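For reference, the structure is listed below as structure tokens.
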Amino acid sequence: MAALSEIITFADAYLNTAGVTDYPGALNGLQFQNSGAVTKIGAAVDACEPVIAEAAARGVSLLLVHHGLFWSVQRVVNSMYRKVRTAVDHDLAIYSSHLPLDLHPEVGNNIVLSRALGLGPGEWTFPFKGQPIGLKIQAELSRDELRSRLEKVLGGPTHLCAGGPATTRCIGIVTGGAGTEVPQAAAEGIDTFITGEGPHFSYTLAEELGINVFYGGHYATETFGVKALAELLSTRFGVPWEFIGHPTGM
């Protein structure tokens, strides 16, 4: 058993929660407290109703998520009421980390995905809200080999816009919904861009700009950070952890 307050203090400092600029409603950090003790950590992408119900059923006392409960001021009715009620009834704390967990240099979604693909750490780029949130990596690799690696680590198929070279030399990674960053990727000299999803125009624009884009799925590309953070906290504070999967296929 560990103290919730100690875990949160460590996590906030480690992730630089206060220093990362995010969307106004992201509310990074502890979003919902429990009575103060943590006996099991759960990790999930979304604080959605099925995930919270599953966390409660598994006896999780601290749920780490990438997409939190709140993104704006809202009434606690309907599904929000049910989520809050479940969390209260099962003494479940919920901690959310959005951009801090995307851009973290050790447990962030982008760096952990890059590591899983066997690529180097590269350099940080793709500035957003005054801070770099993505990676640019020099790597000569066949497009087919990269696709094989990506589908293996994501556990499913990817959608490819083959607008660029058959052999990569510069790979960009921004997990989640970063398809709108295709022009930025091209401007950075990136010939192959890995993201989760993008708008329709991102595909044809990538063709016109001459770059490859791998769309791996918003959900699938953002499972890495919460898992890495949960494993770190588990080791540091001596409590078990498990992943709660709820793939959306998007």
Practice task
Check Leu27 against each of (1) surrounded by fewer than 16 Cβ atoms within 10 Å (Cβ to Cβ); (2) within 22 Å of the chain's Cα centre (by Cα); (3) at positive phi and name the one condition it does not meet.
Solution key: (1)
Problem - Verdict on Asp22 being under 30 Å from Leu154 (Cβ atoms), assigned to a helix (DSSP H, G or I) and not assigned by TED's automatic domain parsing to the domain that holds Phe126 - result: no
Exercise for the section: Considering each residue of the stretch 96-148, count those that are free of Cβ contacts under 8 Å to residues at least 60 places away in the same chain, assigned to a helix (DSSP H, G or I) and surrounded by fewer than 20 Cβ atoms within 10 Å (Cβ to Cβ), and give that number. Expected result: 4
Handout entry: Criterion (within 18 Å of Gly108 (Cβ to Cβ) and not polar (S, T, N, Q)) met by exactly one of Gly176, Gly198, Gly210, Gly189
Key = Gly176
Exercise for the section: Go through the stretch 158-250 and tell me which strands (runs of 3 or more DSSP E), entirely inside it, have 1 or more residues that are buried (at least 21 other Cβ atoms within 10 Å of the Cβ), touching a helix residue (DSSP H, G or I) at 6+ places or on another chain (Cβ under 6 Å) and of a type in the set (Gly, Ala, Ser). Expected result: 167-173
Problem - Residues within the stretch 25-49 that are without any contact (Cβ under 8 Å) to a residue 60 or more places away in the chain, outside any loop (DSSP other than H, G, I, E, B) and either of a type outside the set (D, E, K, R) or not assigned by TED's automatic domain parsing to the domain that holds Gln74 (or both), tallied - result: 1
Completion exercise
Going through the stretch 62-93 in order, the residues found to be part of a helix (DSSP H, G or I) and not hydroxyl-bearing (Ser, Thr, Tyr) are Asn78, Met80, Arg82, Lys83, Val84, Arg85, Ala87, Val88, Asp89
Exercise for the section: State yes or no: is Ala43 surrounded by 15 or more Cβ atoms within 10 Å (Cβ to Cβ), touching a Lys or Arg at 6+ places or on another chain (Cβ under 6 Å) and under 28 Å from Val174 (Cβ atoms)? Expected result: yes
Fill in the blank from the handout: Within the stretch 1-19, residues within 18 Å of Ala228 (Cα to Cα) and either over 17 Å from the mean Cα position of the chain (by Cα) or part of a loop (DSSP other than H, G, I, E, B) (or both) come out as Ile7, Ile8, Thr9, Phe10, Ala13, Leu15, Asn16
Handout entry: Inter-residue pairs, beta-carbon under 7 Å, first in contact (Cβ under 8 Å) with a residue 12 or more places away in the chain and in the stretch 8-21, second assigned to a helix (DSSP H, G or I) and buried (at least 17 other Cβ atoms within 10 Å of the Cβ), 6+ apart
Key = Ala11/Leu233; Leu15/Pro100; Leu15/Leu101; Asn16/Pro100; Thr17/Pro100; Val20/Leu99; Val20/Pro100
Fill in the blank from the handout: Lys129 meets each of (1) at pLDDT 95 or above; (2) farther than 30 Å from Gly59 by Cα; (3) of a type outside the set (A, V, I, L, M) with one exception, condition (1)
Practice task
Check whether at least one residue in the stretch 91-112 is over 24 Å from Tyr219 (Cβ atoms) and charged (D, E, K, R), and report yes or no.
Solution key: yes
Exercise for the section: Please indicate, with yes or no, whether at least one residue in the stretch 50-60 is assigned to a loop (DSSP other than H, G, I, E, B) and small (Gly, Ala, Ser). Expected result: yes
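The values are calculated or read from the model by the stated rules, or taken from the named source; none is laboratory data. All figures in this text were calculated on a predicted structure; none of them were measured in a lab. Heads up, the Cβs are rebuilt from the backbone with ideal geometry, glycines too, and the neighbour counts pull from every protein chain shown.
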